[in-house]
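No value in this document is a laboratory result; all are computed from the given coordinates. Just so you know, these numbers come straight off a predicted model, no measurement behind them. Every residue, glycine among them, receives a Cβ derived from its backbone with ideal geometry; neighbour counts consider all protein chains shown.
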Amino acid sequence: MALYHPDIYDASRPVPSYWEQNAPLPQHRFQPLQNEQRCEVAIIGGGYTGLSAALHLARDYGIEARVLEAGHIGWGASGRNGGFCCMPATKLSIAELIRRYGVEETQHFYRAQREAIELVERLSEEEDIDYEKCGDGILEVAHKASRMRALGEDQGALKKLFGIESDLIEKKALQASYFDCAELEGGLKVHLGFGLNPIKFVAGLAQAAARRGAVIHGKSAVSGWEKVNGLHRLITPQGTLCADRVIVAVNGFIREQLNPTLDAAALPAISNIIVTRALSEDELKAHAWQNTSPAVTTKALHNYFRLLPDKRFLIGGRGDYRGSDESGKIMRSKLEARFRQLFPHWQEVPVTHFWRGLVCVTRSLLPRIGRLEDDPSVWYGFGYHGNGVCNAPWAGKMIATNLAGANRDLAGIPKVMRGLSSSFVFPGLRLWMLRAAYAYYRVKDAV
Ligand SMILES: Cc1cc2nc3c(=O)[nH]c(=O)nc-3n(C[C@H](O)[C@H](O)[C@H](O)COP(=O)(O)OP(=O)(O)OC[C@H]3O[C@@H](n4cnc5c(N)ncnc54)[C@H](O)[C@@H]3O)c2cc1C
């Protein structure tokens, strides 16, 4: 049984995203697995984590890897996200991270966050990926004047502890040089991160991995997994893959039957996006729009938004515990209402696209990267807390490096995200926990 309604897992359907309709992937190159095949490393999941692992294994270590993806390549979150390449992949504040793990480990975590963003740029350069980079940092918008204090504290900590530059911007200055909207009381511009086109990036990664020698199969959902004579045997509709090692790279799209240990450690949550038609110059002026850097509000249940290169507007937000097409219609109208509330001058601007997908939260509120204790030949990377555009490729790289043996004992992976940590005590109640968390966040956001 999966956590959500079958509609959200139906990988036979295209994703109605703006990205997919405008830059389709070269799927013909990634044919389903056929017959009985053998390889060193089998990777379940054809998103950033899996493709980056395949690319690094093949390119840097000459290790034979095959990717098995249930839908088309990039069908999961990697081909349909908002394209915010930013940090951090956690719901914990800097103060909370320090309280739990100490300054040194928190610094290691933030160093990894910076490395992850730089990896996206470096991979794109090395592998010639055109990913439509836009903006020069990420803007955090204070939704209440009281949030400016916390942003000021973040600014100090980012600089002092991690050497990350940012500007605290007062309301008037923000309105004058970025944009104006409702619930805007100032902001923090972090000079790290940018926007990108997620489907171009995932397509580029897939093509690079294939060029470097990895074998990639679309339409190859793993429906059975057994271990025979020390070898993993993965069963897909048209073929079987035997491998010495397996990397599970399914993040929020995990289903219970794949691996119960990993399933119990993951809490998938739905993220929704709408995109409008291109805005005219007059419409942009109405909200004083002058910047292409992605923006996110300070709410715990935040909205994220950005102006796309062709002047369409993208806005996203969390919500829904069902995942059916019917509940999607309700989410679409809620998100549309929120869009018009934040941007009142765009009441008449039509929304052209709505889609959604699964992100992944963990009990520790940090990503989990490592190998299973009861079977160290099984590796995993998941739980990027909605910040997987850079963290997932980075996790794939770290898994590849450690698996290849160049680093031992999960070296290079900060302790705070190393291994499985703790699972949810009552996995069957995960959606109730999510409801409770959202209810708590709603109260927190209101005060
Ligand atoms: C709407 C939305 C907006 C987002 N916005 C942002 C953003 O702006 N910035 C950001 O950093 N992050 C964002 N994220 C999160 C980010 O996209 C993810 O963290 C990241 O893509 C995870 O990559 P992945 O490769 O681990 O997983 P995915 O890209 O989800 O790939 C997992 C794949 O596994 C496949 N799979 C599952 N089970 C099986 C099986 N049994 N056999 C074979 N294949 C299987 C699935 O089909 C899926 O394609 C967003 C996510 C969503 C859904």
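Given the criteria within 11 Å of the ligand (Cβ to nearest atom) and without any contact (Cβ under 8 Å) to a residue 24 or more places away in the chain, does Ile235 qualify? The answer is yes for Ile235.
If you go through the stretch 241-275 and pick out every residue that is within 13 Å of the ligand (Cβ to nearest atom) and either more than 27 Å from the chain's Cα centre (by Cα) or without any contact (Cβ under 8 Å) to a residue 40 or more places away in the chain (or both), you end up with 2.
Applying the condition of being in contact with a strand residue (DSSP E or B) (Cβ under 7 Å, 6 or more places away or on another chain) and aromatic (Phe, Trp, Tyr) to the stretch 384-434 and asking which residue is farthest from the ligand (Cβ to nearest atom) yields Phe424.
Gly62: surrounded by 23 or more Cβ atoms within 10 Å (Cβ to Cβ), in contact (Cβ under 8 Å) with a residue 12 or more places away in the chain and not hydrophobic (A, V, I, L, M, F, W, C), yes or no? Taking the combined requirement at face value, the residue does not satisfy it. Here the strands (runs of 3 or more DSSP E) wholly within the stretch 127-192 that include at least 2 residues being of a type in the set (Asp, Glu) are 166-170. Screening the stretch 101-121 for residues that are closer than 21 Å to Ala411 by Cα, of a type outside the set (Gly, Ala, Ser) and free of Cβ contacts under 8 Å to residues at least 24 places away in the same chain and picking the one that is surrounded by the fewest Cβ atoms within 10 Å (Cβ to Cβ) gives Glu104.
Could you tell me which residue of the stretch 58-95 is farthest from the ligand (Cβ to nearest atom), considering only residues that are among the aliphatic types (A, V, I, L, M) and out of contact with any Ser or Thr (no Cβ under 9 Å at 6 or more places or on another chain)? Let's see the steps before the verdict.
Let us first name the residues in the stretch 58-95 that are among the aliphatic types (A, V, I, L, M), namely 58, 63, 65, 67-68, 70, 73, 77, 87, 89, 92, 94-95.
Subset that is out of contact with any Ser or Thr (no Cβ under 9 Å at 6 or more places or on another chain): 58, 63, 65, 73, 87, 89, 95.
Working: Ala58: 17, Ile63: 19, Ala65: 14, Ile73: 8, Met87: 9, Ala89: 8, Ala95: 23 Å.
Among them, the one singled out is Ala95.
Residues in the stretch 9-50 that are within 11 Å of the ligand (Cβ to nearest atom), out of contact with any Pro (no Cβ under 8 Å at 6 or more places or on another chain) and hydrophobic (A, V, I, L, M, F, W, C): Ala11, Val15, Leu33, Ala42, Ile43, Ile44.
Applying a threshold of 7 Å to beta carbon distances and a minimum spacing of six or more residues, or different chains, the list of pairs starting in the stretch 11-23 at a residue that is within 15 Å of Pro309 (Cβ to Cβ) and ending at one that is outside any loop (DSSP other than H, G, I, E, B) reads Tyr18/Val275; Tyr18/His353; Trp19/Gly79; Trp19/Pro198; Trp19/Ile199; Ala23/Ile199; Ala23/Lys200.
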